1. Name the single residue that is surrounded by the fewest Cβ atoms within 10 Å (Cβ to Cβ) among those in the range 75-96 being of a type in the set (Ser, Thr, Tyr) and under 20 Å from Val172 (Cα atoms).
2. With the structure loaded, tell me whether Leu71 is touching a residue at least 12 places away in the same chain (Cβ under 8 Å) and within 16 Å of the ligand (Cβ to nearest atom) or whether it fails that test.
3. Any residue in the range 193-205 that is polar (S, T, N, Q) sitting within a Cβ distance under 6 Å of a residue that is within 13 Å of the ligand (Cβ to nearest atom)? List the pairs, counting only those 6 or more apart or interchain.
4. Gln43 versus (1) out of contact with any Asp or Glu (no Cβ under 8 Å at 6 or more places or on another chain); (2) crowded, with 18+ Cβ neighbours inside 10 Å; (3) more than 25 Å from Glu91 (Cβ to Cβ): which is the lone unmet condition?
5. Does at least one position in the range 35-49 carry a residue that is on the phi < 0 side of the Ramachandran plot, more than 11 Å from the ligand (Cβ to nearest atom), in contact with a helix residue (DSSP H, G or I) (Cβ under 9 Å, 6 or more places away or on another chain) and of a type in the set (A, V, I, L, M)?
6. Identify the residue in the range 97-115 that is within 16 Å of the ligand (Cβ to nearest atom) and without any contact (Cβ under 8 Å) to a residue 40 or more places away in the chain and, among all such residues, is surrounded by the most Cβ atoms within 10 Å (Cβ to Cβ).
7. Anything in the range 192-232 that is of a type in the set (Ser, Thr, Tyr) and not in a helix (DSSP H, G or I)? List them, or say none.
8. Can you tell me which residue in the range 120-159 is surrounded by the most Cβ atoms within 10 Å (Cβ to Cβ), limited to those that are away from the ligand (no atom under 15 Å from the Cβ) and either at positive phi or among the small types (Gly, Ala, Ser) (or both)?
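The values are calculated or read from the model by the stated rules, or taken from the named source; none is laboratory data. In this text the structure is predicted, and so the values were computed from the model without any measurement. Here the Cβ is made from the backbone with ideal geometry for all residues, glycine too, and neighbour counts use every protein chain on show.
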Amino acid sequence: MSFTKEVRKKADPIWQASFHHPFVKELGEGTLDLTRFRYYVMQDAYYLRHFARVQAIGAAKSTDLATTARLAHHAQSTCEAELSLHETFAELLGITEEEKAAFIPAPTAYAYTSHMYRAAYEGHLGDVIAAILPCYWLYYEIGERLKDCKPAEPIYQKWIGTYSSDWFRSLVEEQIARLDAIAEAVTEADRKRMEQHFLISSEYEYEFWEMAYRLETWPSARKEIQAYVHNN
Ligand SMILES: Cc1ncc(C[n+]2csc(CCO)c2C)c(N)n1
């Protein structure tokens, strides 16, 4: 069995949990509260800004120029395609410049991006791809599952359309093939580490839905709210 098939199989329980998460289900049905989606869009824009930089680290860590060029291109498409999508969402959702300026990453968005930077900093190209592959692949599978959904909310239709496109599928397939080629050439210890990055990113993908659904905040903000409730 190929490396990616093996890790995909190991990650299956947590991927299933993402497929069935209320955020994903309600998005497909069109019943997802827009407050939650709005929160998601802002956290995801932060995530994508860092994702593009991790892809650029992958470009720098590549040992052949063709791969450097491809990963640099991937970093550029994250900036252009994904972030422009988010700009559109921000407009449609009425997210203001003031809100953007006051933005703070939530614990999960911060932890997930930190995990990717760590894998990229400590490892070689295989570590970078293993950490970022679940982002592509899980969203592609979600796009496939939701592609026949017709949520009444046009914003949700647009979101689904992005991830069930052929453009997106070719990106996922390219990264799967790249990771399998690397996995064949490295040591067992490298493969184990790569597997762990893949599994941790899969866990964080689930946590990202949870974060948005629960409008996660830092503990100090929760304490302030509790103190306020207590004193009033
Ligand atoms: C939390 C989170 N995980 C994955 C994606 C999807 N995604 C982000 S960058 C990228 C590569 C291609 O542009 C893909 C597929 C997302 N938006 N947010």
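1. Let us first name the residues in the range 75-96 that are of a type in the set (Ser, Thr, Tyr), namely 77-78, 84, 88, 96.
Adding the requirement that they be under 20 Å from Val172 (Cα atoms) leaves 77-78, 84.
Working: Ser77: 14, Thr78: 22, Ser84: 10.
Checking each candidate, the answer is Ser84.
2. Taking the combined requirement at face value, the residue satisfies it.
3. Ser201/Ala131; Ser201/Pro134; Ser202/Pro134
4. Failed condition: (3).
5. Taking every residue of the range 35-49 in turn, at least one turns out to be on the phi < 0 side of the Ramachandran plot, more than 11 Å from the ligand (Cβ to nearest atom), in contact with a helix residue (DSSP H, G or I) (Cβ under 9 Å, 6 or more places away or on another chain) and of a type in the set (A, V, I, L, M).
6. It comes out as Tyr110.
7. Step one: filter the range 192-232 for residues of a type in the set (Ser, Thr, Tyr), giving 201-202, 204, 206, 213, 217, 220, 228.
Correct list: Thr217 only.
8. Once the filter is applied, the top-ranked residue is Gly126.
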